[in-house]
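To start, I am sharing the structure in question, which I have written as structure tokens.
What follows is calculated from the coordinates using simple rules that are stated; it is not laboratory data. Bear in mind the structure is a predicted one, so any value in this text is a computation, not a measurement. We place every Cβ from the backbone using ideal geometry, glycine too, and count neighbours over all the protein chains shown.
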Amino acid sequence: MGTHGLSQFEIFFTWQNALLWLRATGITLSMAALGCGLGFILASLLVYLRTWPSLLLLPVRLLVVAYVEIFRRIPFLVLIFLVLFGTRAMGLRMELFWVACISVTVMATAFIAEIVRAGYESVHRTQWESAAVMNFGRLRTVLLVVLPQAWTVIVPPAFSYFVMFIKETSLASQVGVYELMQTGKYFNNIGVSPALSFGTTLAIYFALSYPLTRLGWRIERRLKHRFRRPGGDDGLPTTRVLAGV
Amino acid sequence: MHYTFQWGVAFSYLPELLAGAWVTFHLTFIGFWTGLVIAVFLAVGQVYGGPWLRRSISTYVVFFTNTPSLVTAFFIFYGLPEVGILWSPYVCVLVNLILNAAAFLTDAIRGGVASVRKTEMEAAETLGFSMLQKIRYVIVPHVAKVLYAPISNLYIVFILGSALAAIFGVEELTGTAFNIAARTFRSIEIYSITAGIYVIMTVIASTILALVGRWAFRVKARIF
């Protein structure tokens with residue numbers, strides 16, 4: 001059936017299309033990975049500044065708090081458009097892929113900063129104090145005392161945010177990045193039925209997200225089991241209640 | 001910078017944007033509460049139901065928590081007309097929101113119910129509590145305390161997630177912003193104001209939720 005004389009199956013199931021889907025999967029994954037990786041680095045820097053006890057850095061601290069609070073409360077879709085038009089207005093004609101990457105980074109930084117901060121807070125104050133007694137500087141305290149204890153609290157929710165961003169990047173299709181969602185729309189436009197085109201998109205997202213979610217649970221259970229700290233609560237596993245920090 | 005900001009023009013569209021914000025509000029409010037009611041039933045089914053019920057509920061939850069809501073929305077919006085069901089964009093987006101919210105909330109609630117310790121239930125048994133009393137005095141206070149903060153957070157997440165309704169032509173906040181930006185070309189200003197409205201909306205929602213939580217369940221929820 002169909003007006004092309006070809007059935008939608010003949011249009012759809014070719015090895016070139018398989019490559020197209022593979023490429024789209026790569027783009028989706030690299031947007032999420034690049035954005036979250038950069039976001040993680042920036043978030044660590046922001047939290048390092050935010051927890052600085054000096055009064056001189058109070059304005060910086062306020063700025064960091066404002067950044068985190070504001071960008072956790074803006075829809076990703078609106079943020080993408082802001083980044084798109086913002087960079088264009090500044091005269092930067094970057095590729096749409098990079099626009100999406102910047103958007104993910106901006107948002108991931110805000111979200112992961114909260115996770116890293118929770119990690120810092122999970123380390124008892126006496127640990128900071130004993131490091132100070134040992135004459136450790138701030139950077140050395142963070143690197144040698146706080147982070148080695150905090151990472152078991154930071155990694156599981158950070159990982160689940162990475163998985164969330166894989167799904168969130170589907171909104172990048174709205175500015176025209178050829179990731180999974182946009183590829184599904186393309187096939188729908190050339191006459192493949194929605195069940196087949198969007199169904200493939202759904203299946204690929206699921207195939208990416210589900211194993212990674214399971215991996216996240218495993219990591220979390222491992223860390224909890226191996227690094228159980230005295231007095232730590234054993235309530236809800238954090239990654240299960242997604243998006244709630 | 002080749003761009004001249006014209007905030008005056010953009011702000012003259014504020015009433016229109018606020019009308020959009022109202023649509024966002026009732027879309028997410030209806031969607032979230034319907035989803036929550038469904039989720040309570042599903043969570044109960046998942047904890048106390050038979051193997052088939054449990055398996056089908058967890059399949060549903062796993063499916064919706066692992067796929068982007070944008071793609072399921074496309075599926076509903078373009079797929080249903082193929083089988084002869086014609087819904088308005090608002091209904092499509094609302095149904096998609098309910099399906100997603102119910103899945104995420106089921107997952108959360110089940111975790112909360114599972115976190116009631118066995119010894120507490122046994123203690124209630126010893127005191128001769130009936131099932132209703134157990135629910136009223138043991139399960140609900142415990143679950144409410146554990147789940148209030150994550151569920152309020154999910155509400156905020158769904159307010160932000162409802163922005164995808166714009167793609168299907170619903171004139172909620174983002175959709176209105178799309179239209180105004182397309183008419184006036186003042187994109188940066190309009191989207192900045194839109195982002196500001198979202199920030200204000202979610203801060204108000206968080207504040208109300210935190211106050212209600214403190215008053216009803218004695219939960220110390222952070223607003224910021």
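Taking the Cα atoms only, what angle lies between the long axis of helix A:58-71 and the longest principal axis of chain A, rounded to 10 degrees?
30
Hey, got the average number of other protein chain Cβ atoms within 10 angstrom for residues in B:111-119?
Whole-number average of other-chain Cβ neighbours for B:111-119 is 2.
What distance in nm separates the two pseudo spin-label positions at residue A:140 and residue A:11, each 7 Å out from Cα along the beta-carbon direction?
6.8
Summarise the partner chain shielding of A:78-87 as one whole number: the mean count of Cβ atoms from other chains within 10 Å of each residue's Cβ.
Numbers: counts 14, 5, 1, 11, 7, 1, 3, 10, 5, 0.
Rounded to a whole number, the mean comes out at 6.
Counting other Cβ atoms within 10 Å of each Cβ, which chymotrypsin sites (Phe, Trp or Tyr not before Pro) in segment B:25-78 have at most 12 and sit in a DSSP loop? Numbers along the way, then the final one.
On the way: sites: B:25, B:29, B:32, B:33, B:41, B:48, B:52, B:60, B:63, B:64, B:74, B:75, B:77, B:78; in loops: none.
Listed in order of number, the matching sites amount to none.
Here is a follow-up. Would you mind ranking A:202, B:18 so that the residue whose beta carbon has the fewest other beta carbons within 10 Å leads the list?
So the residues, fewest neighbours to most, are B:18, A:202.
Give the average, rounded to an integer, of partner chain Cβ atoms located within 10 angstrom of each Cβ in B:150-163. Working shown, then result.
Working: counts 8, 2, 1, 6, 4, 0, 4, 5, 1, 2, 9, 6, 2, 7.
Per-residue shielding by partner chains comes out at 4.
In addition: From the helices alone, meaning DSSP H stretches of at least four residues, give me the mean residue ellipticity at 222 nm for chain A, per-run term -39500 (n - 2.57), in deg cm²/dmol to the nearest 500.
Numbers: 9 runs with 170 residues, N = 245.
Calculated from helices alone, the mean residue ellipticity at 222 nm is -23500 deg cm²/dmol.
Continuing with this model, one more query. With +1 on the Cβ of every Lys and Arg and -1 on the Cβ of every Asp and Glu, and nothing else charged, how large is the dipole of segment A:13-227 about its Cα centre, in debye rounded to the nearest 20?
The calculated dipole for segment A:13-227 is roughly 360 debye.
Could you point to the residue in B:164, B:212, B:135 farthest towards the positive end of chain B's charge dipole, with +1 and -1 charges on the Cβ of Lys/Arg and Asp/Glu respectively?
Looking along the dipole axis, the top candidate is B:135.
If you don't mind, there's one more thing I want to ask. Run the simple label-point estimate for residue B:140 and residue A:195 please: 7 Å along Cα→C-beta, distance reported in nm.
4.4
Right, another one. With a cut-off of 11 Å, note down the residues of segment B:1-29 whose backbone N falls inside the zone around a label point 7 Å from the Cα of residue B:212 toward its beta carbon.
Residues passing the 11 Å test: B:29.
Next up: Using a cut-off of 19 Å between alpha-carbon atoms, which lysines can reach residue A:167, once sequence neighbours fewer than 8 places away in the same chain are excluded?
Candidates past the 8-residue exclusion: A:185.
Expressed as an acute angle from 0 to 90° and rounded to the nearest 10, what is the orientation of the C-alpha long axis of helix B:69-79 relative to the principal long axis of chain B?
On a 0 to 90 degree scale, this one is about 80.
Which whole-number percent is the relative contact order of segment B:7-217 (Cα, under 8 Å, 6+ apart)?
Details: 192 pairs, mean separation 65.2, N = 211.
So the answer I get is 31 percent.
Using a 10 angstrom Cβ neighbour count of at most 13 plus a DSSP loop assignment to flag exposed trypsin sites (Lys or Arg not before Pro), which longest range of chain B is free of such sites? Before the final figure, lay out the partial values.
Values: sites that count: B:117, B:218, B:220, B:222.
Within chain B, the longest run free of exposed trypsin sites (Lys or Arg not before Pro) spans B:1-116.
Under a Cβ-only charge scheme (Lys and Arg +1, Asp and Glu -1), can you give me the dipole magnitude of the protein assembly as shown about the Cα centre, in debye to the nearest 20?
1420
Next question. Once a ≥ b ≥ c are taken as the square roots of the eigenvalues of the Cα gyration tensor of segment A:13-227, is the result rounded (a/c under 1.5), prolate (a/b larger than b/c) or oblate (a/b not larger than b/c)?
The shape class here is oblate.
Also: Using Cα positions and a limit of under 27 Å, work out the lysines in reach of residue B:118, with same-chain residues fewer than 8 apart set aside.
Those lysines meeting the cut-off are A:224, B:134, B:145, B:220.
Next up: Which of the peptides A:209-218, B:148-157 is most tightly packed, and how do the rest follow, judged by the mean count of other Cβ atoms within 10 Å per residue?
The packing order, highest mean first, is B:148-157, A:209-218.
How big is the dipole moment of chain B about its Cα centre under a simple scheme where the beta carbon of each Lys and Arg is +1, that of each Asp and Glu is -1, and everything else is neutral? Debye, nearest 20, please.
Computed about the Cα centre, the dipole is about 780 debye.
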